[in-house]
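Have a look at the structure below before the remarks.
The values are calculated or read from the model by the stated rules, or taken from the named source; none is laboratory data. None of these values were measured; they are calculated from a predicted model. Glycine also receives a Cβ, built like all others from the backbone with ideal geometry; neighbour counts cover every protein chain displayed. For accessibility, only protein heavy atoms count, side chains too; no ligands or nucleic acids. Shrake-Rupley method; radii C 1.70, N 1.55, O 1.52, S 1.80 Å.
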Amino acid sequence: MAGLLWVSMRLGAQQLPSDGPLTLRPMLQALGERLLKGKTGAVVALNPNNGEILCLATNTPTGSDVRQAIGKPQAPGSTFKTAQALVLLSEGIITPETTVDCHEGVTDGNIRVGCHKHRSPLMLRDALAYSCNTWFLMTFASMINDDFMYESRDEAITTWRSYMQSMGLGGPLHIDMAGEQGGLLAGADYLNRRYPEGWDGKTIWWAGMGQGDVTLTPLQLCNLAATIANRGWFYVPHIHRKTTNPRYLTRRQTKVKPEAYGPVIEGMKWAVDKGTATSVKTTYPVCGKTGTIENPGEDHSAFIGFAPMNEPKIAVSVYVEHGGFGADLAAPMAGLIMEMYLKGALSEHSEARARRIESKKIK
């Protein structure tokens, strides 16, 4: 109990829960705070089996502030490609074998979107593993522009948004803490106001790669990882251990078709084994997705994942502002959190990595 009291005191600010034992694990909270030293960001971990918040570590230039995890929506970057793939598969826009050509990016008029150097063309598994921007821009645009399946662009984006909302994105999850914010998922009304002269799939294709008209919190990203770990369901995240509120005890089902999860999980596993997230590869099967978020200054670093693959016990998201590539900082941080929870301690090698990350300062 003393450890949980210490954790609650460390959450900071006025959003502290005030009654009952907390679900937070002191060892994870302490590790998350270590890894965030000298940085601005958040580390969130959930038990996907019951929605308990295991870690809610944050840091800002003025100290810990839980709003960094639950009340500051930002572009999710390529971590969002997992959700995109689930929608596109469910709607039949793509199959796991759909290929897209990519030669270090795509050009449309005077707009150029770069991409990692990789072989081409790629199918879905490799598009997730190697985080191909072109693959997701083009397939998302093809859904919005599909005038056979949808009567209008408005219907297409409304359909897309309804899937995302069913995964707990685009609005508050209504956790049992104050200060939560919902973020942005572009809908028809919003887009018609923003683009009064008209819009189509290419106008908003940035959302295909988690930029532009989409923002999420680290908590929502972690919950997305939990829904994938569970193959289509989640409990609303909560921080009170002995809650009796039905809101937190009711299983929520996503709209995503069950058969869509297998290919996405395969891509996330491939990302860890062969792709952009190899820094979290270990002796147990981990599934993950990196994100590198473009913005003024150094890019933000993000990661979502869960482990073990077929018996998930923990889902994690890490978001570090100006941390650079998702593979370089957020991914190894998440790997350490998973190891601590699943193994009870860090190996000698992992402890050395934790010390290196702890010593890294980001202005």
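Anything in the stretch 179-208 that is of a type in the set (A, V, I, L, M, F, W, C) and within 27 Å of residue 232 (Cα to Cα)? List them, or say none.
Of the stretch 179-208, the ones of a type in the set (A, V, I, L, M, F, W, C) are 184-186, 188, 191, 199, 204-207.
Correct list: 184, 185, 186, 188, 204, 205, 206, 207.
Evaluated against (1) more than 20 Å from the chain's Cα centre (by Cα); (2) without any contact (Cβ under 8 Å) to a residue 60 or more places away in the chain, residue 247 falls short on exactly one condition, (2).
Where residues in the stretch 205-237 are in contact with an Asp or Glu (Cβ under 9 Å, 6 or more places away or on another chain) and open to solvent by 10 Å² or more (accessible area, probe 1.4 Å), which of them is farthest from residue 306 (Cα to Cα)? Lay out the reasoning, then the answer.
Going through the stretch 205-237, the residues in contact with an Asp or Glu (Cβ under 9 Å, 6 or more places away or on another chain) turn out to be 205-207, 211, 217, 219, 235-237.
With the extra rule that they be open to solvent by 10 Å² or more (accessible area, probe 1.4 Å), the set shrinks to 206, 211, 235.
Values: 206: 26, 211: 23, 235: 16 Å.
The residue in question is 206.
Every condition in (1) surrounded by fewer than 24 Cβ atoms within 10 Å (Cβ to Cβ); (2) in contact with a Phe, Trp or Tyr (Cβ under 8 Å, 6 or more places away or on another chain) holds for residue 322 except the one numbered (2).
For the stretch 158-183: of the residues being in contact with a strand residue (DSSP E or B) (Cβ under 6 Å, 6 or more places away or on another chain) and part of a helix (DSSP H, G or I), which is nearest to residue 225 (Cα to Cα)? Among residues in the stretch 158-183 that are in contact with a strand residue (DSSP E or B) (Cβ under 6 Å, 6 or more places away or on another chain) and part of a helix (DSSP H, G or I), the one nearest to residue 225 (Cα to Cα) is 164.
I'd like the full set of residues that are free of Cβ contacts under 8 Å to residues at least 24 places away in the same chain and either crowded, with 21+ Cβ neighbours inside 10 Å or charged (D, E, K, R) (or both), limited to the stretch 171-189.
189 - this is the single residue of the stretch 171-189 that is free of Cβ contacts under 8 Å to residues at least 24 places away in the same chain and either crowded, with 21+ Cβ neighbours inside 10 Å or charged (D, E, K, R) (or both).
So, in the stretch 29-66, how many residues would count as being in a helix (DSSP H, G or I) and either surrounded by fewer than 21 Cβ atoms within 10 Å (Cβ to Cβ) or among the β-branched types (Val, Ile, Thr) (or both)?
Taking the stretch 29-66 first, the residues in a helix (DSSP H, G or I) are 29-35.
Subsequent filtering for residues that are either surrounded by fewer than 21 Cβ atoms within 10 Å (Cβ to Cβ) or among the β-branched types (Val, Ile, Thr) (or both) retains 30, 33-34.
Within the stretch 29-66, residues that are in a helix (DSSP H, G or I) and either surrounded by fewer than 21 Cβ atoms within 10 Å (Cβ to Cβ) or among the β-branched types (Val, Ile, Thr) (or both) number 3.
Within the stretch 184-205, being closer than 21 Å to residue 137 by Cα and either of a type in the set (Phe, Trp, Tyr) or assigned to a loop (DSSP other than H, G, I, E, B) (or both) holds for 186, 187, 190, 195, 198, 199, 200, 201, 202, 203, 204, 205.
Checking each residue in the stretch 330-363 for being at pLDDT below 95 and surrounded by 13 or more Cβ atoms within 10 Å (Cβ to Cβ) picks out only 362. Residue-level check: of (1) open to solvent by 30 Å² or more (accessible area, probe 1.4 Å); (2) farther than 26 Å from residue 37 by Cα; (3) without any contact (Cβ under 8 Å) to a residue 60 or more places away in the chain, residue 266 misses just (3).
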